[in-house]
């Protein structure tokens, strides 16, 4: 876990790919407990450490994310997410079957909790994103995604449903080779500081993005 920023209210870190955000049935080390241990050891905190999980990255996805160090910060960040003023941008490599240079996707997505899969379904919740193609090579395109909503597996499903599945996506790309790493990275987050109201922007280190074309 790489720490990008911290103060009394926030902890911004860079998540490694394939690390769960919080404890799950795998029993693998998770980012939330790693971050709590970091705070506990650095500041010699007795007992349990509070750390609010205000947004999530899919387990295979790496990049920048933020935790709240106080309940007030957690509440205010959660409100920004609900109000769509918390901005999240991702980098991805997708299959380029005549993908337009820019696009706007809006769908209804429905999650099946039993299979942990998501599909486009009129009974689902609204999912919105914008994207721009940064680079093309052969049958692939590198895209910058501006995520407007934060639905489970949203980017992966919205692109796959249009025949532009993410490279290496073991769940939604039927052509992915077993063992390939999904080409999706949390590149940038922008939000208002929960107490000072200052606009903050945090980038994942560009040399850490593990996929290019």
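The values are calculated or read from the model by the stated rules, or taken from the named source; none is laboratory data. The structure displayed is predicted, hence computed values, not measured ones. FYI the Cβ positions are ideal-geometry reconstructions off the backbone, even for glycines, and counts take in every protein chain you see.
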- Task: Would you mind stating whether residue 84 is on the phi > 0 side of the Ramachandran plot, free of Cβ contacts under 8 Å to residues at least 24 places away in the same chain and out of contact with any strand residue (DSSP E or B) (no Cβ under 8 Å at 6 or more places or on another chain)?
- Result: no
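Where in the range 120-207 are the strands (runs of 3 or more DSSP E), entirely inside, with at least 3 residues that are modelled with pLDDT of 95 or more, buried (at least 16 other Cβ atoms within 10 Å of the Cβ) and under 18 Å from the mean Cα position of the chain (by Cα)?
By residue number, 125-137, 140-147, 184-192.
If you check residue 128 against the conditions, is it out of contact with any helix residue (DSSP H, G or I) (no Cβ under 8 Å at 6 or more places or on another chain) and free of Cβ contacts under 8 Å to residues at least 60 places away in the same chain?
Judged against the criteria, residue 128 is a match.
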- Message: I need the full set of residues from the range 16-37 which are modelled with pLDDT under 95, in contact with a strand residue (DSSP E or B) (Cβ under 9 Å, 6 or more places away or on another chain) and either surrounded by fewer than 16 Cβ atoms within 10 Å (Cβ to Cβ) or farther than 21 Å from residue 88 by Cβ (or both), in order please.
- Response: 16, 18, 22
- Item | Single condition residue 13 does not satisfy, out of (1) at pLDDT 95 or above; (2) assigned to a loop (DSSP other than H, G, I, E, B); (3) in contact with a helix residue (DSSP H, G or I) (Cβ under 8 Å, 6 or more places away or on another chain) | (2)
- Would the range 48-71 turn up any residue that is outside any strand (DSSP E or B), farther than 15 Å from residue 22 by Cα and either touching a helix residue (DSSP H, G or I) at 6+ places or on another chain (Cβ under 6 Å) or modelled with pLDDT under 95 (or both)? yes
- Scan the range 155-167 and report the pairs whose first residue is without any contact (Cβ under 8 Å) to a residue 40 or more places away in the chain and whose second residue is crowded, with 23+ Cβ neighbours inside 10 Å and not in a helix (DSSP H, G or I), with Cβ atoms within less than 8 Å and a gap of 6+ or a chain change. 160/166; 160/169
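Filter the range 38-47 down to residues that are surrounded by fewer than 14 Cβ atoms within 10 Å (Cβ to Cβ) and either in contact with a helix residue (DSSP H, G or I) (Cβ under 7 Å, 6 or more places away or on another chain) or assigned to a helix (DSSP H, G or I) (or both) and give me whichever is modelled with the lowest pLDDT.
The selected residue is 45.
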- Limited to the range 105-119, what total is found for residues that are surrounded by fewer than 11 Cβ atoms within 10 Å (Cβ to Cβ) and either at pLDDT 95 or above or more than 18 Å from residue 150 (Cα to Cα) (or both)? 3
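Test residue 17 against the criterion of being closer than 25 Å to residue 154 by Cα and either in contact (Cβ under 8 Å) with a residue 24 or more places away in the chain or over 21 Å from the mean Cα position of the chain (by Cα) (or both), and give yes or no. Walk me through it before giving the result.
Values: closer than 25 Å to residue 154 by Cα: yes; either in contact (Cβ under 8 Å) with a residue 24 or more places away in the chain or over 21 Å from the mean Cα position of the chain (by Cα) (or both): yes.
So residue 17 passes the test.
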- Given the conditions (1) under 24 Å from residue 170 (Cα atoms); (2) surrounded by fewer than 19 Cβ atoms within 10 Å (Cβ to Cβ); (3) within 19 Å of the chain's Cα centre (by Cα), every one holds for residue 98 apart from (3)
